[in-house]
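Working notes, beginning with the structure itself.
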Amino acid sequence: MRAAEHANITLRYEAKPVGFVSYGAGSGGLRAVEQLRLVFAELHATTTRTGVVLTAPWERLDQHGRLVDDGPLGRAADATLDELSWWGEALRAARRHRPYGQ
């Protein structure tokens, strides 16, 4: 990757929030999320503590192929979006007050 491309990618995520939705069989993709947290830390992004984990989502589909919402899944989505929104507002205000890296 060229340095200019790397700088462009880094600037997109600096001081911005990142939330995760993962899926998989046993662990629901949590191992991949843990690796991605390290990547986003290097890009100077803030990752949310909460996330949406879909364990075996193919078992949660109705006859039309739509995901059937259940209580825990909905609560996880709400918590993740609330946290993402909070971090987004906080980091936006911080960037306005003092641009990141200055």
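The values are calculated or read from the model by the stated rules, or taken from the named source; none is laboratory data. The model shown is predicted, which means the values in this text are computed figures rather than measured ones. Please note: Cβ atoms are built from the backbone with ideal geometry, for glycine as well, and neighbour counts cover all protein chains shown. In case anyone asks, the SASA skips ligands and DNA or RNA and just uses the protein heavy atoms, side chains included. Shrake-Rupley method; radii C 1.70, N 1.55, O 1.52, S 1.80 Å.
Here are a few things to note about the model shown:
- Cβ separations smaller than 6 Å between residues 6+ apart or across chains give the following pairs from the stretch 10-28 residues that are of a type in the set (S, T, N, Q) to residues that are open to solvent by less than 40 Å² (accessible area, probe 1.4 Å) and in a loop (DSSP other than H, G, I, E, B): Thr10/Leu43; Ser22/Gly28; Ser22/Gly29.
- Close pairs from the stretch 85-99: first in contact (Cβ under 8 Å) with a residue 40 or more places away in the chain, partner part of a helix (DSSP H, G or I) and open to solvent by 60 Å² or more (accessible area, probe 1.4 Å), Cβ under 6 Å, at least 6 apart: none
- Subset of the stretch 22-53 [under 25 Å from Leu11 (Cβ atoms), in contact with a helix residue (DSSP H, G or I) (Cβ under 8 Å, 6 or more places away or on another chain) and open to solvent by 70 Å² or more (accessible area, probe 1.4 Å)]: His44, Arg49
- Flag for Ala56 being in contact (Cβ under 8 Å) with a residue 12 or more places away in the chain and either at positive phi or open to solvent by 80 Å² or more (accessible area, probe 1.4 Å) (or both): yes
- Applying the condition of being open to solvent by 70 Å² or more (accessible area, probe 1.4 Å), under 15 Å from the mean Cα position of the chain (by Cα) and of a type in the set (A, V, I, L, M, F, W, C) to the stretch 62-98 and asking which residue is nearest to Lys16 (Cα to Cα) yields Trp87.
- Search result, residues across the stretch 43-102 that are assigned to a loop (DSSP other than H, G, I, E, B) and of a type in the set (A, V, I, L, M): Leu43, Ala45, Ala56, Val68
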